[in-house]
Amino acid sequence: MKLKPKIKQSLHSFYKSIEIKEHKLSYLFIEITQKCNLDCLHCGSDCKAEVNHPELTTDSWFKIIDYFEQTYSKSVAFVLTGGEPLMHPDIYKIGRYIKEKGMRWAMVTNGIILNERRLTKLIDSGIYSITLSLDGLKETHNWLRNNKNAFDRANIAMSLLANSNIAFKDIVTCVSPKNLHELPDIANLLIENKIKEWRLFRIFPSGRAKNNKELNLTFEQTQEMLQFIIKSKKAFMAKGLNINLSCEGWLPMQTDLKVRDQPFFCRAGVSIASILSDGTITGCTNNHEGFHVGNILKDNFSVVWENRFDIFRKREWLAKTDCKNCKHFKQCNGSSIHLWEMGDKKPKFCYEVDLTVS
Amino acid sequence: MISFFKKPLHYILTGSFSVVFAACYGAPMNLENPKLIKATDGNSTPIKGLKVSLFENRLNINEAYTDQDGSVEFYVQQKEMYDYEVTIEDVDGEENGGEFINKDVNVTETSFVEVVLEKKN
């Protein structure tokens, strides 16, 4: 159906208002560990080989899974994240437990230790979806991942994934000034490996990437990335690769539907929640501390979900920010939560307005 | 009541009923449009314990066993380029109501399908 972008924008706002009113939990991140086998320059969680705080035990995760099975619909999907989730010795047990409860689970991995044996164990544990990170061609990926073997290992993992019978699998790429011009070559590499889905991110300005200008795309570079998607989406789709911009960042509808299959909607705290490795409850795992709304060790999740997530859903705090004077404010409504630190006057980045000159 | 408008709205906006998204740095999941398959015998009695395999463009991507209600549920990407088919197999012989003849069903265009299996003679 061909509709004018303004009409689509209004319909989308209506759609979002229904989803917000319902706030049906559908997607739960569980950060099973912050341990990681890499030391990436851009890590948003500042993950390392060792963790300095106590983490939830496997038995605690079982109890949490029981709770969600009993309290929410079985359609809630679990996404195991980290750190590197494969570093958790009980990842298969946790995954299998979710599967045996009749629910789906997925994982995001850097692929460093994803070999055939581990992939078989994941599949046997009922994994439904895997996302693998690939941040450039060999030199760039290894630089960003801070490891000379990272690309070769990710490449092996990509090939294993492509030939597996996992229902959903995709590749994500954090776009930085160093790999921006490699995007067509990366696309061709994915096509060679029979990968069908590719998502592009800007690097989140948090954790180790917070103050590293070498990693963050400028406003102009971000527009260049969007233009790459707009210009090449159809051509790569014809070769079997679907390119999408990640769920970060509001864009006007006429642009949005050229770079994403589904229009922007920050679902953090609307249909998505996260439980971090220390029990913290929040929207998405990379939300700033100001958006941490409870802890599973002392709070009843459903009470928190019903009563403390208004900062995600109603966003009344935006009235105190510079965004309220923006012409896009009504549609954008502050864009992605993870771009904000509570108390800031403006987001860390805006896809529509260059904040460095406004 | 207002929720009734959600799916049509989503279809108008995206050309698909399917809500597939990957939250931030997360893995993709389909939040809507499950493929629900229910298997019964000729007397409308649900058949438990059937092995149901899901094929996406002829690649086996998932399998599950029917529950007490004779049902299994899969979530798929549901894009134009994908074709979905299920094969339903009786793998427990005479258990659970007798031995049934296997059946293949295309489920590309439907989110719910009730499949009636014939008993083996």
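Where a number appears in this text, it was derived from the coordinates with a stated rule and is not lab data. As the structure is a computational prediction, the values presented were derived from the model and not from experiment. Ideal geometry is used to build each Cβ from the backbone, glycine not excepted, and the neighbour counts take in all protein chains shown.
What to note about this one:
- Take A:163-173, A:233-243 and order them by the average number of nearby Cβ atoms within 10 Å per residue, most first; the result is A:163-173, A:233-243.
- Sorting A:201, A:264, A:219, A:228 by the number of Cβ atoms found within 10 Å of their own Cβ, with the fewest placed first, yields A:219, A:228, A:201, A:264.
- Gyration tensor (alpha-carbon) shape descriptor, chain A, a/c threshold 1.5: rounded
- Here the Karplus curve 6.51 cos²θ - 1.76 cosθ + 1.60, taken at θ = phi - 60°, turns the phi angles of region A:18-23 into couplings of 5, 4, 5, 4, 6, 5 Hz, with x standing for Gly and Pro.
- Considering region A:167-283, its Cα convex hull presents a mean projected area of 8.9 nm².
- Its relative contact order, with pairs defined as Cα atoms under 8 Å and 6+ residues apart, puts region B:33-116 at 38 percent.
- Dipole of region A:177-313, positive end: most advanced residue of A:200, A:296, A:277 [Cβ charges, Cα centre]: A:200
- Average Cα contact separation per residue, region A:166-271, under 8 Å, 6 or more apart, as relative contact order %: 26 percent
- Around the Cα centre of chain A, unit charges on the Cβ atoms of Lys, Arg, Asp and Glu (plus for the first two, minus for the last two) sum to a dipole of about 1180 debye.
- Residue (of A:129, A:140, A:52) at the positive-pole extreme of chain A, dipole from beta-carbon charges: A:129
- Dipole magnitude for region A:28-107: about 380 debye, using +1 per Lys or Arg Cβ and -1 per Asp or Glu Cβ, origin at the Cα centre.
- Modelled this way, with points 7 Å down the Cα-to-C-beta line, the labels at residue A:63 and residue A:124 are 3.0 nm from one another.
- Beta bridges per DSSP with both ends in region B:33-116, % antiparallel, nearest 5: 80 percent
- Each of A:263, A:243, A:334 was placed along the dipole of the protein assembly as shown (beta-carbon charges, centred on the mean Cα), and the one lying farthest toward the positive end is A:334.
- The label point for residue A:159 and the one for residue A:210, both projected 7 Å from the Cα toward the Cβ, are 4.0 nm apart.
- Among beta bridges that DSSP assigns inside the protein assembly as shown, antiparallel share in %, nearest 5: 45 percent
- A straight Cα-to-Cα reach below 29 Å connects residue B:103 with the lysines A:74, A:99, A:101, A:169, B:35, B:38, B:48, B:51, B:79, B:119, B:120, residues fewer than 8 places away in its own chain not being considered.
- The helix-based estimate of mean residue ellipticity at 222 nm for chain A, built from -39,500 (n - 2.57) per DSSP H run of four or more residues and divided by its residue count, is -10500 deg cm²/dmol to the nearest 500.
- Each peptide in A:330-336, A:126-132, A:147-153 was scored by the mean count of other Cβ atoms within 10 Å over its residues; highest first, the order is A:126-132, A:330-336, A:147-153.
- Amide H contacts of residue A:197: A:171, A:242, each under 5 Å away and 5 or more positions distant or on a separate chain (H built 1.01 Å from N in the peptide plane; Pro and chain starts excluded).
- For region A:207-267 versus region A:276-326, the spacing of their alpha-carbon centroids is 25 Å.
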